[in-house]
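*Asks:* A single structure is presented below for examination.
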Amino acid sequence: MKPSVDKSTVIPAKEKAEILLRAALSKKALDPILMRLDRLTSLTDYFLIVSGRSRKQVKAIAETMMEDGRKRRFERFSAEGISLGNWALLDYGDVIVHIFHTPVREFYDLEGLWDEAPREVFSEDLSREIQAAAQPEEDEEEDEFD
């Protein structure tokens, strides 16, 4: 017998993406973009793309997002690339998160590959959090891209 799912506890994909983004912003993730893909592919509803200034920051962002997702009981299907710190992918089914070291993001240009995907507008509160995360801290350092 299949367990019943309480539909009232299912979080809409956009809300899930915003929750994950807030976790990323707590680690100073940069340049977030939320692309709506549900009308373009059956792969996922959204791509959430963020950047980190260093490989270490990319790892920290990914680990924080996974921990927050675990606490909220988001089902994650896979996590790839975290140990290298160049590009991490977290697959939550309806939301796929890409966390890039900035030069790697520029090289792969997912935004350009999916240029027909509409970009979601963030709320005023979330936009303020995004701006705050973009302010560099004095002890931050950037990695060179090999």
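*Asks:* Return a yes/no flag: does the stretch 98-107 have any residue that is surrounded by fewer than 18 Cβ atoms within 10 Å (Cβ to Cβ) and outside any helix (DSSP H, G or I).
*Replies:* No, there is no match, as no residue in the stretch 98-107 is surrounded by fewer than 18 Cβ atoms within 10 Å (Cβ to Cβ) and outside any helix (DSSP H, G or I).
*Asks:* Can you say whether K71 is of a type outside the set (G, A, S), surrounded by fewer than 23 Cβ atoms within 10 Å (Cβ to Cβ), modelled with pLDDT of 95 or more and in contact with a strand residue (DSSP E or B) (Cβ under 9 Å, 6 or more places away or on another chain), as far as the supplied structure shows?
*Replies:* Here the answer is no, as K71 does not meet what is asked.
*Asks:* What's the number of the only condition in (1) in a helix (DSSP H, G or I); (2) over 20 Å from A132 (Cβ atoms); (3) of a type in the set (K, R) that R76 fails to meet?
*Replies:* Of everything listed in (1) in a helix (DSSP H, G or I); (2) over 20 Å from A132 (Cβ atoms); (3) of a type in the set (K, R), R76 misses just condition (1).
*Asks:* Out of A134, A117, A79, A62, which single residue is over 20 Å from K14 (Cα atoms) and either without any contact (Cβ under 8 Å) to a residue 60 or more places away in the chain or surrounded by 12 or more Cβ atoms within 10 Å (Cβ to Cβ) (or both)?
*Replies:* Of A134, A117, A79, A62, the one residue that is over 20 Å from K14 (Cα atoms) and either without any contact (Cβ under 8 Å) to a residue 60 or more places away in the chain or surrounded by 12 or more Cβ atoms within 10 Å (Cβ to Cβ) (or both) is A134.
*Asks:* Which one of A88, A60 is over 18 Å from E129 (Cβ atoms), among the aliphatic types (A, V, I, L, M) and in contact with a strand residue (DSSP E or B) (Cβ under 9 Å, 6 or more places away or on another chain)?
*Replies:* A88
*Asks:* Of all residues in the stretch 71-95, how many are over 14 Å from the mean Cα position of the chain (by Cα) and either farther than 19 Å from A29 by Cα or β-branched (V, I, T) (or both)?
*Replies:* Residues that pass the stated criteria total 5.
The values are calculated or read from the model by the stated rules, or taken from the named source; none is laboratory data. Small disclaimer: the values here were computed from a predicted structure and weren't measured. Counting neighbours? That spans all protein chains shown, and the Cβs are built from the backbone with ideal geometry, glycine included.
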